[in-house]
Amino acid sequence: MGWLYKNPPQGSLIYQHRWVKLDAEYLRYFDTEKDVYSKRIIPTVSITGVVNVGEQKFEVVTHNRTFLFRAECDSERSEWVTVLKSCVRATGLDMTFNPCVSYEMRGYLELRGLRSKLYTVVCADKVFLYKNAEEYRLGIGITSIDMNVGNVKEVDRRAFDLTTPYRIFSFVADTDQLKDQWVEAMRNSIAEALSNYEVAERIWAEPSNQMCADCSAAKPEWAAINLAVVFCKRCAGEHRGLGPSISKVRSLKMDKKVWTEDLIQLFLALGNERANQFWAANVPPSEALTLNSSSEERRRFITAKYREGKYRRYHPLFGNQRELNNALCINVQSSDVCETLALVFCGAEVSCDTGDPELASPIALAQHHGQNLQVEFLTQNRNTEVKVSIDRVHYMAPPSVTHNGFLFKTASMARPITEKKGKEEFSRRWCVLNDGNFSYYESDKNATPNGGLKMKEIVCLAVNPPETHGYDHTFELYSDAERLYLFGTDNPETMREWVKSIAKSFIPAAAEDLLLKDFERIGRLRYKDRLNREMSRLGWFCLVGSSLHIRLEEHTADETIDLQKLLELCDGRMLTNWTSPRRTLYIEGERKLDFQGWAAAIQRAAGSTGDTLSQQQLTEADIPVIVERCIHFTTQYGLTSEGIYRKSGVNSKIAALLEEFRRDARCVWLKEGEHQVDDVSNVLKRFFRDIEEGLFGQAADSWLSATEESSRICQYRLLFSNLPRVNQATLRALVNHLYCVQRFADLNQMTLHNLAIVFGPTLFQADGQDYSAGRVIEDLIQHYVTIFDVNEQQLQKQLDEITYIIKLRDNLTPKAGTGSGDFICTVYLEEKKETAEQHVKIPATMTAAELTFEILDRRKISVKEKDYWCCFEVNEKEELERPLHCQEKVLPIFHSLGIDSHLLVKKHFSMEAMLVYLASKVEVSKHGMMKFREERSLLGLSTGSFNDRYFILTSTSLRLYKEIRSNRPEREWPVKCLKVYQGIKRKLRPPTWYLCCDTQNEMREWFATFMSIQSGGRVWPAEWLKSRAANHSVPLDARFGNVSLIPLRGSENEMRNSVAAFTADPLAVSLISQSQPGSANHTANHTALCSQTQ
C-alpha cells in the first residue's frame, strides 16, 4: 500500500492523490489512508497487464479499461509494477465479481447524497456498489461493505439505513415491496457474515464439494445429509420443497450441531463427484442446470433428479427386491459407501431382515463390522422415500459424436460481426470434436489445445451465406458466456460436415428432427405465449429460408411459422396466424449477443426475399401484402373515382410508396388524406409490371394463345389450376377486384374494355402492340364466376357491401360549397388582435403552406423572392412559438391547441440565415455545449436549474452527455418524437426539457438542424411554394358561398361586436410592421423540447 497519483477517467492533466492498497484479491484506492470504503475496487483477476509508460507512470490494464498511475519516483514505480505483476500471475479465478455467481439480490438503489442510483449487489457476506449494471458485468466496482460489522434499520416508506462503525449508507428503494426484499437480503448477509465457517471449510476440502452438485455454483453452503450432496443457496430452496422425506437440507455454517465427525467424513468419502455418478449419470445436455437457470428450471430439474430418480444410474439388480436387500446386507460390511447409496436409492430396504437374529438390520451389521460411515448413511436414510418404478422413457446419452480436421478461425469476439473478415484475420487450426468437447490446436502435431468449447455451452450455430468473409464458407458458434467464434473453410462439403457434427452434439434428442433441415441458424431461445406470459420456457429454433421451425417444450412435434405471413414482428415479438385462433409468440434472449443475431435473421426472413410473387410478404390467404392493401384502399376510397387505373399519379410519390412496400410491406398502412387513390392504383400496376416472371409465370404464352372462343374458358380454367399457389391466390383476388370496379362503371367510367386495355399489357408485361393480352383480361373479368368457381351469393353480398360503403361516404362527404365537413379556425396575421383575425375553413388535408397562402391571398399580399411567410403555433402564456413545417397538417395542430394558444401567420425572419447555414453544412449531425434544465414538479412547485451539458444531434436521436469526455449518454430522445419550441415554457406537463444557447446565432443553427432532420432536409421547398403562390387565385372576399364566416364566442356583447366588425369591412385591416428578431421575446435564445405523444 502507499500513495500514488491517479489520472481521472476523463484524461485530465491534473492527477489526483490517492491512497492505494493491493492484496491477493483486489487493487483499491481511497481518498485518504484512514478511509475504510474505497473509491474504486479492481479485482486482480480482471487485470490483464501492467505496463510502464513514461517517467514514473504505469498503466493497469483490465478487460475493459486502463487505469493510469504515477509514482513519486522511478524506483517506487518499479516496485509497484513488480508487485502487481506477481500478484496477477499468482491470482486464480475470483467469482466474487462474476455476475453469473449466485447472489442474494441485485438491482438499482438510490444512495442519498448522490444524484444517480447505484447498482447494488448483496453477495454472501458482502454488499458491493457499482456505478451501473455494465460495470457490474465487467467486474469493476466502487467499494464493498463487510456485513459482519453492519446493521440494517428501516427508516421510512421506501428508505432504510445500512449502518457500519465507519459510515451510514442511506438507501432508497423504488417501491415498498422492493425495500422489504432489500432489507431481508441484507439481514441474511449479516447472518451469513456471522456464521461459522469451520464445517464448510472441512467439507470443501473435497474438491468436488466446492461446486454445487446441481448447478455448479462455487462455494455451496447447503447440503442434503441423506442424499450426500452439497449445493448452493438457490438450489437449497428447491430441495426444501421436496420435503424432509426426500431431502434433509442443512446449512454448512449455521447447523453446526448436526455435523458430527462421522457425517463430515461421509461427505468427504462420497463427495459431489461420486454422488453424481449415481444421481446424474444420464442427464441430457438440454436439461442440465447452469448458473443462470431460473427457479422454475431448478425446481423441475431437482424434482426429476431426486424425487423421480430420472437421471440415476440403475443398479443391475433394480426391480429384484430380494436380491437388492441381500446385496445391501453384504455391502454394508465393507467401506464401499458409493455402492450402498446406489442400492438404497434403487430400492433396497434400509430396515430389511438380514436373517441373523442378533444382527437383525443392515445398520446392526455395519456397526458390528466397524463401518461407521455406513452406519451414518443408513441412519440418515431410515425414513427416506425412494421411487422404485422404472422410467420407461429413461434418457440414455447418445453415442459420442467425433469429427476432426483443419479449419480457419478468428479470435473470439464479444460483439456481432459487422464487417467482412479478410483471410489474413483467420488462423489455421486443427480442430477436434469428441465426447462433447470442441478443441482447437496449433497443428495436428500438438497435444495441448489452444482453447475449446464444451458442447453444452453452445447456444446457437449460424451458417453464413457464401462469400460473406474471406473464406467462402463460414459458420459462427455462440456460447453462453457471450462469446462468438467464427470458423471458415473454402470447401463447402467440409463446412457441411462440421456444421452437422456440431449441431448433433448440442441439440437434444427431443429436437433432433431439426437436424434434418438445411438450416442457416439453429439454437435455443426462451419463449412465452399468449396463454402463459408469466413464465418463459425453453425452446429449440431452426431457421430455414423464410420458415422458422420450432420444437417447444410442451410439444412432441415440430411447429413451423411461415415468416412471410406474419401479421406483426417487432422487438423479438412475433404475432402470427399460427393456428386458429390467432397465436402470439414472445421470443426472449437469455444473452444479448446471440439474440441480436436471431432478431436480425428473423427480420430478414420475414421481409421480401426476392422479386417473384412467392418471395413477397404474404397474407394468410397467400396474397402479397402490397396487392391486398392496394386493392382494399382502392375499393374503400376509389371505386367512384372517374378514370381509376387510367389516370396517372405523382411519379415521385408512386416510387416512394413502392419502395416502402418493398422494404417492409407489413409496416405500410394506406390512409385517406395521406395517400391519394391515383398514386395507390399506379403502385399496384407498377408492382405487377415489375414483378419477376409476371403474374402468369412461364405459362404466359399459353394464356395468350387460347384463341378458340368456344374452348377459351376451359383452357383458362386448366391454366389457372396449373399456376403456383401464390399466383393462383393473387390472380383470383385481382380479378375479383376488377370485376367489382367494372360493376360501378357508371360512376368511375372504367368499363370492362377500359380495364382490359390498362391491365392487359401490365399483367403480361407486354408492349401493348396488340389486343391479345387485353382480350385475356377481358375474358377473365367477364367470366369471373365461371373460371374461378365463385359462389354467386357471396359475390352479390360483396357488391352490396361496396354499394353501402359508397352511399355512406356520399352521406358523410360535405357537398361542394357548404363547408359542412370542415372546421372553422381563427388565424391571425402578424399579430394577435381583432383587426388581424381571419376565419378559415380547415379541411383535413390542408397543410401549413396552404393555410399561409390562404391568408396572404385574402389580404392581397404578394410574396417577394426572399419573403419567408410561415404559420406559427404560438402560446402567449408560456411565451413560446413553433414554426410549422410547410407540409405539416394544420387540423391536428388546431385540435391540440390550448386556450392560451393560437395560429399566427408572419414572416420567418431567421429562415434565410437558417437556409444559408444548412447549405454550408457537410454533415447532418450537430454537437456542442448548451445549458440544460428539466422541468420537475415538487409539491406543485417547479424546480430545476440550468446546467452545462454536451449534446449530440444525429439523424435519429438527440443525446445528452454530462461533459465532452463522457462515453455514455445520460439521456437520449428520438428526434422524430420531439416538438421544438422557441422561447421558455414556464409551466408544461412533464416531460419537458429546456435548452439555452449563448447566442441567437447558435440557437438558430441548432433549430435549423432540428428542422432539417425532422423534415428530411426539406426545410423550405422554395420552388414548390413559388409555383403555388403564382398559380393560386386570390378570392374576391372572405365568403364561402353566400354566407360569411362569423366567429361566435364570448359574451353576447362580444359576439355582437365581432359580427359588426366583420360585416362592416372584413378586409380593411392595416398591415402591422414586424418586430426585429429578438425584440418581441426577451428569451429568444431559449428552446424547449417536448416529447410528442404518439
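The values are calculated or read from the model by the stated rules, or taken from the named source; none is laboratory data. Since the model is a prediction, treat every value here as computed from it, not as a measurement. Cβ: placed from backbone, ideal geometry, glycine included. Neighbour counts: every protein chain shown. SASA here: full protein model, heavy atoms, side chains in, ligands and nucleic acids out. Shrake-Rupley method; radii C 1.70, N 1.55, O 1.52, S 1.80 Å.
Can you tally the net charge around Phe58? Count Lys and Arg as +1, Asp and Glu as -1, for every other residue whose Cβ sits under 13 Å from the Cβ of Phe58.
With Lys, Arg at +1 and Asp, Glu at -1, the net is -1.
How large is the Kirkwood hydrodynamic radius of the stretch 228-322, in angstrom, based on all distinct alpha carbon pairs?
It is 14.7 Å.
Starting at the first residue of the stretch 328-335, write each ³J(HN,Hα) from the Karplus equation 6.51 cos²θ - 1.76 cosθ + 1.60 with θ = phi - 60°, in whole Hz, x for Gly and Pro.
After applying 6.51 cos²θ - 1.76 cosθ + 1.60, I find 5, 4, 6, 6, 5, 7, 10, 9 Hz.
Taking the Cβ of Glu104 as the center, what net charge do the other residues with Cβ under 11 Å away carry, scoring Lys and Arg +1 and Asp and Glu -1?
Net charge in that neighbourhood comes out at +2.
If you count only protein heavy atoms and use a 1.4 Å probe, how large is the accessible surface of Phe909, to the nearest 10 Å²?
Around 100 Å² of this residue is reachable by solvent.
Keeping all protein chains in the complex and leaving out DNA, RNA and ligands, what accessible area do you get for Met211 with a 1.4 Å probe, in Å² to the nearest 10?
About 90 Å², ignoring ligands and nucleic acids.
Using the scaling law 2.2 N^0.38 Å as the reference, what is the normalised Cα Rg of the stretch 95-207?
1.10
Per residue and in Å³, how big is the convex hull formed by the alpha-carbon atoms of the stretch 723-792?
88
For the stretch 614-763, go through all pairs of different Cα atoms, get the mean of 1/r, take its inverse, and jot down that Kirkwood value in Å.
16.1
Which listed residue (Thr290, Asn372, Leu317) has the Cα farthest towards the positive end of the charge dipole for the stretch 284-394, taking +1 on Lys and Arg C-beta and -1 on Asp and Glu C-beta about the Cα centre?
Thr290
Mind grabbing the accessible area of Tyr197 for me, 1.4 Å probe, Å², rounded to tens?
Surface open to solvent at Tyr197 totals about 70 Å².
How big is the stretch 451-533 along each principal axis, measuring the range of its Cα positions in Å and listing the largest first?
That gives 46, 28, 22 Å along the principal axes, largest extent first.
Quick one: give the max-minus-min coordinate of the C-alpha atoms of the stretch 639-691 along each principal axis, largest first, in Å.
Here the spans come out as 31, 25, 19 Å, largest first.
Let me test this: with uniform point scatterers at the alpha carbons of the stretch 412-501, what is the Debye-based log₁₀ I(q)/I(0) at q = 0.16 1/Å?
Calculated log10 I(q)/I(0) at the listed q: -0.66.
Please work out the average accessible area per residue across the stretch 674-792, using the 1.4 Å probe convention, and give it in Å².
Per-residue value: 45 Å².
Just want the answer: with Cβ charges of +1 for Lys and Arg and -1 for Asp and Glu, which residue in Tyr784, Ala773, Met750 is farthest toward the dipole's positive end in the stretch 720-799?
It is Tyr784, whose Cα lies furthest towards the positive end.
I want the local charge near Leu343. Using Cβ-Cβ distances under 13 Å, sum +1 for each Lys or Arg and -1 for each Asp or Glu among the other residues.
Counting the neighbours of Leu343, the net charge comes to -1.
Of all the accessible heavy-atom surface of the stretch 679-756, with the other protein chains kept in place and a 1.4 Å probe, what percent is carbon and sulfur?
46
With viscosity set to 1.002 mPa s and temperature to 20 °C, compute the Stokes-Einstein D of the stretch 164-256, Rh being the Kirkwood radius across alpha carbon pairs; µm²/s, no decimals.
144
Can you give the accessible area per residue of the stretch 435-529, in Å², using a 1.4 Å probe?
Accessible area per residue, the stretch 435-529: 43 Å².
The stretch 588-698: Rg/Rh from Cα coordinates, Kirkwood Rh?
Here the Rg-to-Rh quotient is 1.06.
What number results when the radius of gyration of the stretch 248-406, computed over Cα atoms, is divided by 2.2 N^0.38 Å?
1.19
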